[in-house]
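Structure first, then comments.
The values are calculated or read from the model by the stated rules, or taken from the named source; none is laboratory data. The structure presented is a predicted model; accordingly, all values stated were derived computationally and were not measured. Here the Cβ positions follow ideal geometry from the backbone for every residue, glycine too, while neighbour counts run over all protein chains shown. The area values use the complete protein model at the heavy-atom level, side chains included, leaving out ligands, DNA and RNA. Shrake-Rupley method; radii C 1.70, N 1.55, O 1.52, S 1.80 Å.
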Amino acid sequence: MKHFYKLTLLFSIFSFNSFSQKLYQPDIEAVLKKAGKNRTELEKAIQYFQKGKDPLKLKAVEFLIANMDIHHSANYYWQDSTGTKIPFNELDYPDYTTSQQALDSVRKQYKKIKAKAHLYQDIDTITSGYLINNVEQAFTAWKSPYAKHLSFDDFCEYLLPYRVSVEPLEDWRGLYREKFKALTENRTSVNTERVLSAAVQNFRENFNANLVIREEPLPRLSALQLLHRKEGACEDFADLEVLRLRSLGIPSALNVVPYWATSSGRHFLNTAFDQENKPVIYDVGRKDKPVHATLIREPSKVLRMTYAKQKNTLANLKNLNDIPPGFMRTQNYLDVTGDFWEVRDVTCTLNDTGDDQDIVYACVFNYLAWRPTWWARKKDNRAVFANMSKGAVYLPMYFIKGRTKPAGYPVAAGYYNEMVLKPDTSQARDITIEQQEGYLIFRPYKKYKLFYWDNRWKLIAEQKTNVNTNALLFNNVPQNALLLLVPEYSQKKERPFIMLENNQRVWF
């Protein structure tokens with residue numbers, strides 16, 4: 001009889017465990033397993049809403065947890081020369097100036113302090129209380145007249161998330177709602193564009209948008225640091241706008257231009273969704289037309305960042321080590337380039353040096369380097385890159401053993417046609433490169449090198465200017481070549497160009 005009771009007990013335990021495993025969908029269970037010791041906290045949040053009366057809140061917290069394993073925070077702390085953490089928090093001080101003065105005192109107290117980068121995963125650190133509070137406040141925001149039209153799926157993407165990018169996490173919703181409630185209060189009608197205009201004015205009165213080079217390894221300011229420092233780069237303030245708008249019940253998203261295709265650097269801006277759920281492009285740092293903003297130059301791509309994993313991202317299809325470092329190693333973005341710029345599919349003919357490669361990358365020239373910006377599958381020695389910005393030049397490349405390698409010749413994707421830039425050295429010619437305001441001004445007594453692209457930049461010749469130089473003549477320049485003129489004082493911002501038959505220069 002004792003054996004019977006033991007078997008019954010074991011069967012009951014096994015049955016309970018089997019049943020408990022079926023409580024969660026496979027995607028949720030997979031994340032809970034990854035959470036390890038923090039699984040209990042995440043389950044507490046699920047159980048809290050299981051006991052509640054609103055099934056949508058349960059679905060909302062399940063959405064957050066199912067996609068949580070791809071998110072993390074990038075932060076830092078100060079340490080001394082022995083590696084000991086120094087107890088300093090800038091938010092303990094009333095303003096940023098005071099906190100910097102306090103940091104100066106810390107530097108005098110400790111020898112050779114330095115900032116130590118620190119990454120931590122959401123699934124390892126988020127508490128049940130944080131999740132529950134976020135869901136409850138997000139549902140309150142959903143009742144806003146600016147959001148009540150939202151479908152549940154759009155609510156999950158554009159109001160519900162507790163983070164925007166990789167900022168350090170903080171409890172921001174209540175503080176932001178209280179601080180910026182005047183943007184939506186006392187209005188006679190629901191008009192998202194007017195709120196955005198008011199937000200621009202508030203931004204100009206209270207924040208400084210500058211090209212900030214931070215000493216500390218902090219890719220994004222946290223929600224409270226944004227209010228504390230009141231300064232940052234465009235990525236910081238694009239995050240700020242998402243936080244501000246979502247706290248007020250206005251659905252919004254972060255857009256990223258990973259690289260400019262015809263300039264150096266990158267850019268960040270926002271999309272808000274109006275009371276009819278129509279997207280409004282919004283760039284708070286723009287001096288002219290920040291609401292219904294347009295891009296001022298060709299982007300490599302424009303990506304709308306999501307909280308959820310997207311099935312068609314390359315990182316969802318391929319091992320991360322086989323993908324160039326950058327945004328393509330992430331899973332939470334949508335390609336919205338066509339909403340911002342004229343696009344076309346770009347076809348590249350490939351060489352035979354990548355027979356074992358199934359993926360090809362379209363690269364743009366940015367800071368004197370080819371930067372991978374999109375991908376396509378290789379088929380019959382061709383690659384077709386979808387929805388690429390017109391007016392840019394793209395170089396197809398493979399990514400082999402951690403390095404990019406040319407896969408074909410550059411293609412200039414014009415507004416009306418395409419041009420494969422395969423240099424013809426048998427048809428060399430003389431060209432004259434003249435000064436052009438906004439693009440090229442010669443400095444006296446400086447050396448200028450002209451290159452053409454043929455699987456690498458090959459030197460054509462070097463010229464030196466004098467005090468009266470306003471044009472340079474170069475001989476034996478290959479026809480149909482992508483060219484690059486680099487001065488000895490280069491800051492890596494030079495742009496490639498082509499010379500047409502009439503000696504007309506086209507910059508990219």
Are there any pairs with C-beta distances below 8 angstrom linking a residue in segment 309-321 that is more than 19 Å from Leu64 (Cα to Cα) to a residue that is among the acidic types (Asp, Glu) and open to solvent by less than 70 Å² (accessible area, probe 1.4 Å), with the two at least 6 apart or on different chains, and if so which? none
Under 7 Å between Cβ atoms, at least 6 apart or on separate chains: pull out the pairs that start in segment 79-100 with a residue that is β-branched (Val, Ile, Thr) and end on any residue that is open to solvent by less than 90 Å² (accessible area, probe 1.4 Å). Ile86/Trp78; Ile86/Gln79; Ile86/Asp80; Ile86/Val106; Ile86/Tyr110; Ile86/Ile113
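Just checking: which of the strands (runs of 3 or more DSSP E) contained wholly in segment 264-332 hold 1 or more residues that are more than 15 Å from the chain's Cα centre (by Cα) and crowded, with 21+ Cβ neighbours inside 10 Å? Lay out the reasoning, then the answer.
On the way: elements: 267-273, 279-282, 303-305.
Passing ranges, in order: 267-273, 279-282.
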Considering only segment 166-183, state which residues are touching a helix residue (DSSP H, G or I) at 6+ places or on another chain (Cβ under 6 Å), open to solvent by 20 Å² or more (accessible area, probe 1.4 Å) and either among the hydroxyl-bearing types (Ser, Thr, Tyr) or not in a loop (DSSP other than H, G, I, E, B) (or both). Arg177
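From Ile65, Ile113, Ile123, grab the single residue that is open to solvent by less than 40 Å² (accessible area, probe 1.4 Å), among the β-branched types (Val, Ile, Thr), farther than 26 Å from Arg177 by Cβ and in contact with a Leu (Cβ under 8 Å, 6 or more places away or on another chain).
Ile123
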Log entry, pairs with first residue in segment 160-172 being farther than 9 Å from Leu224 by Cα, second being in a loop (DSSP other than H, G, I, E, B) and among the small types (Gly, Ala, Ser), beta carbons closer than 6 Å, six or more apart or on different chains, reads Glu167/Ser222; Pro168/Ser222
Test set (1) in a helix (DSSP H, G or I); (2) touching a Leu at 6+ places or on another chain (Cβ under 8 Å); (3) closer than 22 Å to Ala315 by Cα - Ile46 fails condition number: (3)
Of all residues in segment 452-499, count the ones that are part of a loop (DSSP other than H, G, I, E, B), over 23 Å from Pro396 (Cβ atoms) and within 36 Å of the chain's Cα centre (by Cα). 5
Verdict on Leu368 being under 22 Å from Arg456 (Cα atoms), of a type in the set (A, V, I, L, M) and in contact (Cβ under 8 Å) with a residue 12 or more places away in the chain: yes
What do you reckon, is Leu472 without any contact (Cβ under 8 Å) to a residue 60 or more places away in the chain, out of contact with any His (no Cβ under 6 Å at 6 or more places or on another chain) and surrounded by 17 or more Cβ atoms within 10 Å (Cβ to Cβ)? yes
Hey, could you check segment 141-158 for residues that are open to solvent by 20 Å² or more (accessible area, probe 1.4 Å) and either without any contact (Cβ under 8 Å) to a residue 24 or more places away in the chain or not in a helix (DSSP H, G or I) (or both) and say which is nearest to Met305 (Cα to Cα)? Asp153
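Per-residue answers, yes or no, for (1) of a type in the set (Gly, Ala, Ser); (2) over 30 Å from Gln331 (Cα atoms); (3) touching a Phe, Trp or Tyr at 6+ places or on another chain (Cβ under 8 Å); (4) part of a loop (DSSP other than H, G, I, E, B):
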| residue | (1), (2), (3), (4) |
| --- | --- |
| Leu91 | no, yes, no, no |
| Thr97 | no, yes, no, no |
| Asp104 | no, yes, no, no |
| Ala115 | yes, no, yes, no |
| Leu160 | no, no, yes, yes |
| Ser189 | yes, yes, no, yes |
Of all residues in segment 406-431, count the ones that are open to solvent by less than 70 Å² (accessible area, probe 1.4 Å), over 24 Å from Val364 (Cα atoms) and of a type outside the set (A, V, I, L, M). 1
